[in-house]
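**Q** Starting off with a structure, shown below.
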Amino acid sequence: MANIKELSKLPERLGPGHRLCSGCGASIVARQVLLGAGNSALVAGCATGCFEVATTIYPYTAWKVPFIHNAFENAAATMSGVETAYRSLKKQGKIKKDIKFVTFGGDGGTYDIGLQSLSGALERGHNFVYVCYDNGAYMNTGIQRSGATPTGASTTTAPAGKVSSGKPQLRKDLTAIVAAHRIPYVAQCSISNWNDLVTKSQKAFDAKGPAFLNVMALCHRGWRFPQENGVAIAKTAVDTCFWPLYEIENGKKYKINYTPKEKKPITEWLKLQGRFKHLFKPGNEEILKSIQQDVDDEWEYLLKRSAL
Amino acid sequence: MNKKIIPLTGDQAVAEAMRQIEPDVVAAYPITPQTEIVMTFSQFVADGRVKTEMIPVESEHSAMSACVGSAAAGARTMTATSANGLALMWEIVYIAASMRLPIVMPVVNRALSGPINIHCDHSDTMGARDSGWIQIYAESGREAYEHAILAVRIAEHSGINLPVMVCQDGFITSHSVEGVELFDDAAVKKFIGEYKPNMTTLLDVDNPVTYGPIDLQDFYFEHKRQQTEAMKNAIDIIPGIMNEFNKAFSRDLKIVEEYMMDDAEASIVVFSSTAGTAKFVVDSLRAKGVKAGLVRPCLFRPFPKEYIIKALSKVKIAAVLDRADSFSGCGGPVFSEIRSAMYEAKQKPELINYIFGLGGRDIFPNDIEAVYKDMSGILKTGKISNRVNYIGVRE
């Protein structure tokens, strides 16, 4: 368990001075994850996206640690190279320090275009932490659907319309896909449960080999809610079991870290966001039912996996 | 120095160069006809003959991405590729150059799909000519070996800091066995020296820097301009490094090789292995009293304009042989650049273009002889029926 008094003494590795929207989930994810690295020497990276664009506008940078951005789909491969360079130079005695490595990607850069690069890096076993800040769409370029977009969400490339109720497909279960690589540590986290997230980050940084954190990172621009409501909405995602908090060790050992006392209906989460507004119009009851069914099925499946 | 000449394919020769260079990191994916480089080098790693950390990536895109990460972290970094592999790297090839990372990449030239074809032409690297990489083209496997060693010094020179492609012809030299003189390991190590990055690296955690920031309207242009400046520096700096190389290893590498050009009237300009065939033709024509010459540029990026002007100002006519088409309707990529360079020459020869050898189509001595014959016909009649011609294609 992370101790907030101790965390308060840790150095800030990001900002102030970045240009993300106020209330942006990505910066909260990054700051909590970076706390998990403690005082360790650290190299950070990220994929192209809001987070990169808003933290590195040349000639300024919000990064107080060495940082690399390469392209959209290759954050994992890039950090593989950095980490391997480190191993090579360390082995040769040219570097003495212990250094940790972390890289960030949004859901587009992770679930979709960057999946191959991530998979390759995980399979090869590079010793780094990959953090997906999942805001469920391509937010940087104007809210286009991604593989992480939930069913029924209205996006600019899967808009709700006269004959459409938003994205028709299920979202991809990236956490399970990553776990199938049997890497040492995988966890799903949310900024609403800061202690859980920081503790999991600590575990991820301590893992011997690749570690992966999938963190719910809301986007008030894309989700259509008042910017100050972010953390509360993230909490509702957890309490409806839309976004369960759990961890997986070595691809097999599942552990649920938080079970809501009373599992809230998914509509509690959907109704807080403008992107699902159309679902509450008459005629869409079946869609709401099927979304609830899917959340229930996934939660049941997770309960079974964690009981094994 | 002990002379050690052993039979090697061009790929094996390049892998031997990599063994002697002993980069800190190699990230590579296999693709025909480059594969033998990766396989041979992997065996060196497996046998503990090099200290290199190998990243057996899942694609060429990730190979170049990992190379960017590794080089930015301050490690001497190499990869190798061909054709579609280079095309898959494309996006990151540009990024590597823009970050001024001294990555060295042997490229075994192969036709770019489509249609898919695994044999030699230059469409892959010609397509990458504006990516900001230095490009060197080797006539033989032996020369590809030498260029790989030379390239390390060029890439890492503080006045250059650009990545380098070391190109050789797929199958023609990559898979043909020839006697290659391997230099002494220690002599190679001495020539390339220990790598000391010219920039703050990612692993210097006490001096944090940001690599790959977003560069908007207010700075992007200046950064591209600096890349051009680095290329301009390179054309001035490379001769010195080449001279050092030639002295250290008793070789005679040149930026632009002139063969029988002193009194030549008609010349062929051609890259890589085809120059060997053309030299054979020049010799036989010379025996018949024909004043034939040959110009072989080893460097295409930066473009050796002054060298080309100097060489071609001597002749009345020159034929540029391109192993790639550019679909411009005005000839191949090498022809376009040479014609552009010669526009500012005082002595302008007539220039014609021949596209040849696409997808590995063989070119024979009699094809090249026919080009010289065409040129002598033009010199006699003053008439050019086709500015751009195609050799050995069914029309």
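**Q** Please rank A:ARG13, A:ARG305, B:ARG387, fewest neighbouring Cβ atoms within 10 Å first, as an exposure proxy. Display every interim value, and only then the final one.
**A** Numbers: A:ARG13 20, A:ARG305 17, B:ARG387 13.
Listing A:ARG13, A:ARG305, B:ARG387 from fewest to most nearby Cβ atoms yields B:ARG387, A:ARG305, A:ARG13.
**Q** If the chain between B:PHE221 and B:GLU244 were fully stretched, how many nm would it gain, using 0.36 nm times the residue separation less the Cα-Cα distance?
**A** Numbers: separation 23, 0.36 × 23 = 8.28 nm, distance 3.48 nm.
Contour length minus Cα-Cα distance gives 4.8 nm.
**Q** Build a GNM of chain B with springs between Cα atoms under 10 Å: which of B:LYS189, B:LYS346, B:LYS254 gets the top mean-square fluctuation?
**A** Judging by the Gaussian network model, the answer is B:LYS346.
**Q** Something else now. Starting from the Cα of A:GLN116, step 7 Å along the direction of its Cβ; do the same at A:ASP173; then give the gap between the two resulting points in nm.
**A** A separation of 2.5 nm, rounded to one decimal place.
**Q** Further question on the same structure: Mind checking which of A:ALA41, A:ALA30, A:ALA77 has the largest fluctuation in a GNM of chain A, springs on alpha carbons under 10 Å?
**A** A:ALA41
**Q** Also, quick follow-up: Compute the distance in nm between two label points, each set 7 Å from the Cα along the Cα-to-Cβ direction, one at A:LYS91 and one at B:ASP262.
**A** For A:LYS91 paired with B:ASP262, the spin-label model returns 5.3 nm.
**Q** Taking neighbour Cβ counts within 10 Å as the exposure measure, how do A:TRP243, A:TRP299, B:TRP90 sort from fewest upward?
**A** Working: A:TRP243 23, A:TRP299 18, B:TRP90 15.
The order, fewest Cβ neighbours first, is B:TRP90, A:TRP299, A:TRP243.
**Q** If R₀ is 22 angstrom, what is the calculated FRET efficiency for the pair B:GLU194 and B:LYS4, using the beta carbon separation as r and rounding to 0.05? Before the final figure, lay out the partial values.
**A** Details: r = 24 Å, r/R0 = 1.09.
Efficiency, from the Cβ-Cβ distance: 0.40.
**Q** Between the helical axis of B:274-287 and the dominant principal axis of chain B, each derived from Cα atoms, what acute angle in degrees is found, rounded to the nearest 10?
**A** Here the helix axis deviates by roughly 30 degrees.
**Q** Also: Residues with amide H under 5 Å of B:ALA27's amide H, sequence separation 5 or more or different chain, H placed in the peptide plane at 1.01 Å from N; which?
**A** B:ILE55, B:MET78
**Q** Taking every DSSP beta bridge with both residues inside the protein assembly as shown, roughly what % is antiparallel (nearest 5)? Please list the in-between numbers first.
**A** Numbers: 23 of 87 bridges.
For the protein assembly as shown, the DSSP antiparallel bridge percentage is about 25.
**Q** Dipole magnitude of segment A:88-222 about its Cα centre, charges +1 at Lys/Arg Cβ and -1 at Asp/Glu Cβ only, in debye to the nearest 20? Can you show the working numbers first?
**A** Details: 17 positive and 8 negative charges, 95 e Å.
Roughly 460 debye, rounded to the nearest 20.
**Q** Provide a whole-number value for the mean count of partner chain Cβ atoms within 10 Å of the Cβ atoms in peptide B:69-82. Spell out each step's value before the answer.
**A** On the way: counts 19, 10, 3, 9, 16, 7, 10, 3, 4, 0, 0, 0, 0, 0.
Mean shielding by partner chains, rounded to a whole number: 6.
**Q** Now for a different question. Need one word for chain B: rounded, prolate or oblate. Basis is the Cα gyration tensor (sqrt eigenvalues a ≥ b ≥ c); a/c below 1.5 gives rounded, then a/b vs b/c decides.
**A** On the way: a/c = 1.75, a/b = 1.52, b/c = 1.15.
It is prolate, given that a/c is not under 1.5 and a/b is the larger ratio.
**Q** Do me a favour and compute the ellipsoid semi-axes for segment B:94-239 from its Cα gyration tensor, root of five times each eigenvalue, largest one first, whole Å. Working shown, then result.
**A** Values: eigenvalues 172, 95, 34 Å².
Over the Cα atoms of segment B:94-239, the ellipsoid semi-axes are 29, 22, 13 Å.
**Q** Rounded to the nearest 500 deg cm²/dmol, what is the calculated helix-only ellipticity per residue at 222 nm for the protein assembly as shown, with -39500 (n - 2.57) per DSSP H run of length n ≥ 4? Can you show the working numbers first?
**A** On the way: 23 runs with 270 residues, N = 703.
Roughly -12000 deg cm²/dmol at 222 nm, from the helical runs in the protein assembly as shown.
**Q** Summarise the partner chain shielding of A:93-100 as one whole number: the mean count of Cβ atoms from other chains within 10 Å of each residue's Cβ.
**A** Numbers: counts 0, 6, 6, 0, 4, 0, 4, 1.
Averaged over the peptide's residues, the number is 3.
**Q** Work through the residues other than B:VAL269 whose Cβ is under 11 Å from its Cβ and net out their charges, Lys, Arg +1 and Asp, Glu -1. Intermediate results must be reported in sequence, preceding the final value.
**A** Numbers: positive: B:ARG296, B:ARG339; negative: B:GLU257, B:GLU258, B:ASP322, B:GLU337.
For residues surrounding B:VAL269, the net value is -2.
**Q** If you don't mind, there's one more thing I want to ask. So which GluC sites (Glu not before Pro) in segment B:176-254 end up in coil per DSSP with only 10 or fewer other C-beta atoms within 10 Å?
**A** Of the GluC sites (Glu not before Pro), the ones in loops of segment B:176-254 whose Cβ has at most 10 other Cβ atoms within 10 Å are B:GLU194.
**Q** Right, another one. Helix B:365-381 against the longest principal axis of chain B: what's the angle in degrees, Cα atoms only, rounded to the nearest 10?
**A** 50
**Q** I've got another one for you. Could you pull out which residues in segment A:180-218 have an amide N less than 13 Å from a spot 7 Å beyond the Cα of A:LEU10, following the Cα-Cβ vector?
**A** Flagged as within label range: A:194-206.
**Q** Related question: Nearest 10 degrees is fine. How inclined is helix B:60-72 to the longest principal axis of chain B, computing both from alpha carbons?
**A** Helix B:60-72 sits roughly 60 degrees off the main axis of chain B.
**Q** Further, regarding this structure: Would you work out if chain A is rounded, prolate or oblate? Take a ≥ b ≥ c from the square roots of the eigenvalues of the alpha-carbon gyration tensor; rounded if a/c is under 1.5, else prolate when a/b is larger than b/c, oblate otherwise. Don't jump to the answer; show the numbers that get you there.
**A** On the way: a/c = 1.76, a/b = 1.51, b/c = 1.16.
It comes out prolate by the Cα gyration axes.
**Q** Tell me, B:CYS67, A:CYS132, A:CYS50, A:CYS21 in order of fewest to most beta-carbon neighbours within 10 Å? Walk me through the numbers on the way to the answer.
**A** On the way: B:CYS67 34, A:CYS132 29, A:CYS50 26, A:CYS21 15.
By the 10 Å Cβ count, ascending, the order reads A:CYS21, A:CYS50, A:CYS132, B:CYS67.
**Q** What FRET efficiency would be calculated for the residue pair B:TYR343, A:GLU123, taking the C-beta separation as r and a Förster radius of 60 Å, to the nearest 0.05?
**A** Values: r = 53 Å, r/R0 = 0.89.
Step by step, r from the Cβ atoms, then E = 0.65.
**Q** Quick test of the membrane-span-like rule: which DSSP H helices of chain A reach at least 20 Å along their long axis (C-alpha atoms) with mean Kyte hydropathy at least -0.5?
**A** On the way: long enough: A:75-91 (24 Å, -0.20); A:285-307 (33 Å, -0.92).
Span-like helices here: A:75-91.
**Q** Compute the normalised compactness of segment A:150-228: alpha-carbon radius of gyration over 2.2 N^0.38 Å, N being the residue count. It would help to have the intermediate numbers written out before the result.
**A** Details: Rg = 16.3 Å, N = 79, 2.2 N^0.38 = 11.6 Å.
Dividing the Cα Rg of segment A:150-228 by 2.2 N^0.38 Å gives 1.41.
**Q** What average number of partner chain Cβ atoms lie no more than 10 Å from the Cβ of the residues making up A:60-67?
**A** Values: counts 2, 5, 1, 5, 2, 5, 14, 7.
What the average comes to for A:60-67 is 5.
**Q** Determine the relative contact order of segment A:36-83: mean sequence separation of Cα pairs under 8 Å and six or more apart, normalised by residue count, in whole percent. List each step's numbers first, then the result.
**A** Working: 40 pairs, mean separation 20.5, N = 48.
Computed over segment A:36-83, the figure is 43 percent.
**Q** OK, next. Using Cα-Cα distances under 8 Å and only pairs 6 or more residues apart, what relative contact order does segment A:185-281 have, in percent?
**A** Working: 142 pairs, mean separation 28.9, N = 97.
Taking the mean separation of contacting Cα pairs over the length of segment A:185-281, I get 30 percent.
**Q** Determine, for each peptide in B:37-46, A:184-193, the mean count of other beta carbons within 10 angstrom over its residues, then list the peptides with the highest first. Before the final figure, lay out each step's value.
**A** Numbers: B:37-46: 19.2, A:184-193: 25.2.
Ranked by mean Cβ neighbours within 10 Å, highest first: A:184-193, B:37-46.
Read-outs throughout are calculated quantities, based only on the coordinates presented, and are distinct from any laboratory measurement. In this text the structure is predicted, and so the values were computed from the model without any measurement. Neighbour counts are summed over all protein chains in view; Cβ atoms, including those assigned to glycine, are modelled from backbone coordinates with ideal geometry.
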